[in-house]
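See structure below.
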Amino acid sequence: MQTYEALRTQFARFINAEREEVAIVASASAGINPIANAMQFDHRKKVVMSEYEFPTMGQIWLAQRPRGAEIQFLDGVNNVVPTECYAAAIDERTLIVPLTHVSFVNGFRSDVAAITRIAHERGALLFLDGFQDCGTRPIDVKALDVDFYVTGVLKYLLGPPGVAFLYVRRELIESLTPTITSWFAQRDAFAFDTKRLDPATDARRYEGGSPPMPNIYMTRPALELLTQIGMENVAAQIERLTRAFIEGVRDLKIESKTPASSVGPLVVLRANDAKAMLAQLTARGIVASIRRDGVRIAFHVYNTLEDVRAALRAFEDNLDLMVRS
């Protein structure tokens, strides 16, 4: 339990939150679900989000429709959803705005500050999904002014599956009482009082059951490593690699779904045959992903410019599989 609580404190510092504002959960889904479940869809019924959210986010809020939720998806324009689209959609009936920090499907970075400001001006909450971003640059949830933040350690936090984090702004914690709960979500988990529901007054009220302790132990050194490197240094290295890769892609005249101004960590290229291109990359020991009609390359601090060159050579040797301008 000391290690478990130490991880809570460690991650809170990582995102500039208070430890009482952080819940340790099993996945992003396990962090989003209790918040969605606790919402009341009465006067405010609308949930406004981009079509580029990760499926989990969309599906969890769609599941609230029987409870009165009205889901509005914003269409992308040239692989981005302009802030103006949020401004037009968010109104006095909007309850919450789920927002991806970096889109899994095209690498686009949302203007979190602007969209949060619009949401708050109109009385709506902002739920930021940082899974595709956390661990690639400094994150300050207070500066971003978001109400909720979810991420997991499986990706850029360099940890194992089975551990994720939910941040809830302190003023909101006790205003929401999810019906998805557990013994670990109680004020005193070790009271073992079967006949009493007594949710914790901090973010633990959103936690699930017994934590996966081996994964907890594996997560701590991963966060320590990133902290030792320095998140500014991590961000600088990712930007260096991403810019070099995008420049090489431009020279090869391959169409990119990711804006040319991107500083990472994801770059998605349009393909004629994404599966075949993925097979070519895999054969060369290059790990990539397919997202719709795109091939996605992801960079982290441990990558090098030689990795960039190797990936570009693979694409150059298979230009027929890619969409070119």
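Rank I90, I71, I180 by accessible area, highest first, at a 1.4 Å probe radius? Don't skip to the answer; put the middle values down first.
Numbers: I90 5, I71 30, I180 80 Å².
In descending accessible area the options line up as I180, I71, I90.
Ratio to report: Rg/Rh of the chain, with Cα atoms as the point set and Rh obtained by the Kirkwood method; give two decimals.
0.99
Take the alpha carbon atoms of region 14-93, find their center, do the same for region 285-301, and report the distance between the two centers in whole angstrom.
Comparing the Cα centres of region 14-93 and region 285-301, I get a distance of 26 Å.
Let me know the charge dipole size of the chain about its Cα centre in debye, to the nearest 20, where only the beta-carbon of Lys, Arg (+1) and Asp, Glu (-1) is charged.
400 debye
What Rg and what Dmax come out for region 189-325 when only alpha-carbon atoms are used, in angstroms?
21.2, 67
When the helix-only estimate is applied to the chain (DSSP H runs of n ≥ 4, each -39,500 (n - 2.57), divided by the residue count), what is the mean residue ellipticity at 222 nm, nearest 500 deg cm²/dmol?
-10500 deg cm²/dmol
Highest mean first, what order results for 13-25, 311-323, 99-111 on Cβ atoms within 10 Å?
Ranking, from highest mean packing down: 99-111, 13-25, 311-323.
Which FRET efficiency, nearest 0.05, do D111 and A191 yield, Cβ-Cβ r, R0 45 Å? Show your work: numbers first, answer last.
Details: r = 45 Å, r/R0 = 1.01.
Calculated value: 0.50.
Just for the chain, what percent of DSSP beta bridges are antiparallel, to the closest 5?
About 60 percent, rounded to the nearest 5.
Pairing the Cα long axis of helix 305-316 with the longest principal axis of the chain, what angle in degrees results, from 0 to 90 and rounded to the nearest 10?
60 degrees
For D273 and T3, compute 0.36 nm times the residue count separating them, minus their Cα-Cα distance, and round to one decimal in nm.
That works out to 92.5 nm of additional length.
In square angstrom, rounded to the nearest 10, how much accessible surface does E51 have for a 1.4 Å probe?
60 Å²
Quick check for you: which residues of region 107-132 have the amide N under 15 Å from the point 7 Å beyond the Cα of S261 toward its beta carbon?
Under cut-off, by backbone N: 108-115.
Relative to the longest principal Cα axis of the chain, at what angle does helix 28-38 sit, 0 to 90 degrees, rounded to 10?
40 degrees
Debye calculation, C-alpha points only, no solvent: report log10 I(q)/I(0) for region 1-147 at q = 0.09, 0.12, 0.14 Å⁻¹, in the same order as the q values.
With no solvent term, the Cα-only Debye profile gives -0.28, -0.50, -0.68.
Counting pairwise Cα distances across region 180-260, what percent come out greater than 15 angstrom?
73 percent
I'd like the distance between the alpha-carbon centres of region 219-266 and region 133-192, rounded to an integer number of Å.
25 Å
Can you give the net charge of the other residues whose Cβ lies under 11 Å from the Cβ of E239, counting K and R as +1 and D and E as -1?
That sum, taken over residues with Cβ under 11 Å, equals +2.
Taking square-rooted eigenvalues a ≥ b ≥ c of the alpha carbon gyration tensor, is region 123-179 rounded, prolate or oblate, where a/c under 1.5 means rounded and, failing that, a/b exceeding b/c means prolate?
Cα axes put region 123-179 in the oblate bin.
Once you sort the root eigenvalues of the Cα gyration tensor of region 265-309 as a ≥ b ≥ c, which label holds: rounded (a/c under 1.5), prolate (a/b larger than b/c) or oblate (the other case)? List each step's numbers first, then the result.
On the way: a/c = 2.49, a/b = 1.50, b/c = 1.66.
Taking the square roots of the gyration eigenvalues as a ≥ b ≥ c, region 265-309 is oblate.
Roughly how many percent of the accessible protein surface of the chain is carbon and sulfur, given a 1.4 Å probe and a whole-percent answer? Each step should come with its number before you reach the end.
Numbers: 7260 of 14210 Å².
Carbon and sulfur atoms account for 51 percent of the accessible area of the chain.
Helix 2-14 versus the longest principal axis of the chain: what is the Cα-based angle in degrees, 0 to 90, to the nearest 10?
Between the helix axis and the principal axis of the chain, the angle is about 60 degrees.
Among L158, L128, L197, whose mean-square fluctuation peaks in a Gaussian network model of the chain (Cα, cutoff 10 Å)?
Of the options given, L197 has the highest mean-square fluctuation.
Whole number in Å², please: accessible area per residue of region 236-278, 1.4 Å probe, ligands, DNA and RNA not counted.
Heavy-atom accessible area per residue stands at 44 Å².
Binning at 10 angstrom from zero up to the longest distance, how are the C-alpha pair distances of region 124-267 distributed in percent?
10, 29, 31, 19, 8, 3, 1
Taking a cut-off of 27 Å between Cα atoms, list the lysines near K275, but don't count ones fewer than 8 places away on the same chain.
Filter leaves K155, K253, K257.
The values are calculated or read from the model by the stated rules, or taken from the named source; none is laboratory data. As the structure is a prediction and not an experimental result, all values here were calculated from the model. Here the Cβ is made from the backbone with ideal geometry for all residues, glycine too, and neighbour counts use every protein chain on show. Remember, those area values only see protein heavy atoms, side chains included, never the ligands or the DNA or RNA. Shrake-Rupley method; radii C 1.70, N 1.55, O 1.52, S 1.80 Å.
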